[in-house]
Every structure is written in structure tokens, then in C-alpha cells.
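The values are calculated or read from the model by the stated rules, or taken from the named source; none is laboratory data. Values in this document were obtained by computation on a predicted structure and should not be read as measured data. We place every Cβ from the backbone using ideal geometry, glycine too, and count neighbours over all the protein chains shown. Surface accessibility is based on the protein's heavy atoms, side chains included, excluding ligands, DNA and RNA. Shrake-Rupley method; radii C 1.70, N 1.55, O 1.52, S 1.80 Å.
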Amino acid sequence: MQAVLADLETAPIAEPLRATLTFLGNVTRRHDEVTAEDVRVLLALGVTRGQIEDALNVGFAFNVITRLADTFAFEVGTPASFDAGARMLLGRGYK
């Protein structure tokens with residue numbers, strides 16, 4: 001993870017994942033330049049349609065949350081609030 005965040009191009013990950021992450025970055029930053037050819041490249045690398053849809057769904061969710069957080073000046077909670085949230089999720093069966 002650290003290597004991917006530091007430099008996606010040189011990170012030791014499989015090419016289909018690298019291409020998918022690059023695609024998501026392009027969808028986020030240059031959405032008006034993304035074409036069907038970009039998706040065909042992913043498919044040619046072995047990324048399935050379902051994997052592309054999942055990646056887009058996750059990317060969409062994070063993009064919306066980030067924009068809302070920026071718009072409403074959300075603040076990151078304290079460590080205690082993260083602990084309380086984790087206990088609540090664990091108590092409801094999330095693992």
C-alpha cells in the first residue's frame with residue numbers, strides 16, 4: 001500500500017490493478033477525457049466487467065464523500081471517536 005501511494009507506476013503490483021487504479025484516477029480528475037477505449041484496455045488486461053463496475057462504485061462513493069466533507073468542512077474525529085465507531089461496528093457483526 002505504501003508503495004502504491006508513493007508511486008503507482010513503480011509499485012510492485014499486478015498490471016491489471018495498476019491500470020484499474022490509473023483509470024480511477026482519470027475518471028476522478030479528467031472524467032471528460034475517459035472513453036470506451038480506456039475500458040477496453042482494462043478488459044484486454046483481464047480485468048472483468050464486474051471488477052470495473054466495483055472499482056467505479058467504490059471510487060464514486062469516495063469521491064462523493066470527499067466532496068461533501070470538503071463542502072461542509074467535516075472534521076476528522078478523535079482517536080476515541082474512531083474506537084467508539086469500531087466497537088459499534090464490531091458489535092453489529094462487522095469484521
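Starting from the Cα coordinates of the chain, work out the convex hull volume and express it per residue in Å³.
151 Å³
Of the heavy-atom accessible surface of the chain (probe 1.4 angstrom), what whole percent is carbon and sulfur?
Ligands and nucleic acids excluded, carbon and sulfur give 62 percent.
Residue farthest toward the positive end of the dipole of region 40-95, with Cβ of Lys/Arg at +1 and Asp/Glu at -1: which of Thr48, Ala84, Ala73?
Towards the positive end, the residue furthest out is Thr48.
Classify region 5-47: rounded, prolate or oblate, from the alpha-carbon gyration tensor (a ≥ b ≥ c, eigenvalue square roots; a/c under 1.5 rounded; otherwise prolate if a/b is larger than b/c)?
Numbers: a/c = 3.39, a/b = 1.24, b/c = 2.74.
Judged from the Cα gyration tensor, region 5-47 comes out oblate (a/c at least 1.5, b/c at or above a/b).
Kindly report the accessible area of the chain per residue (heavy atoms of protein chains, probe 1.4 Å, no ligands, DNA or RNA), in Å².
80 Å²
Leaving ligands, DNA and RNA out of it, work out the accessible area of Val34 with a 1.4 Å probe and give it in Å² to the nearest 10.
In the full protein context, Val34 sits at about 40 Å².
Label points 7 Å out from Cα along the Cβ direction at Phe82 and Thr48: separation in nm?
If labels sit at Phe82 and Thr48, their model points lie 3.3 nm apart.
Explain nothing, just the number: dipole magnitude of the chain about its Cα centre with +1 on each Lys and Arg Cβ and -1 on each Asp and Glu Cβ, in debye rounded to the nearest 20.
On the way: 9 positive and 12 negative charges, 83 e Å.
Around 400 debye, computed over the chain.
Quick one: helix 49-71 against the long Cα principal axis of the chain, what's the angle to the nearest 10°, folded into 0 to 90?
So the inclination is approximately 50 degrees.
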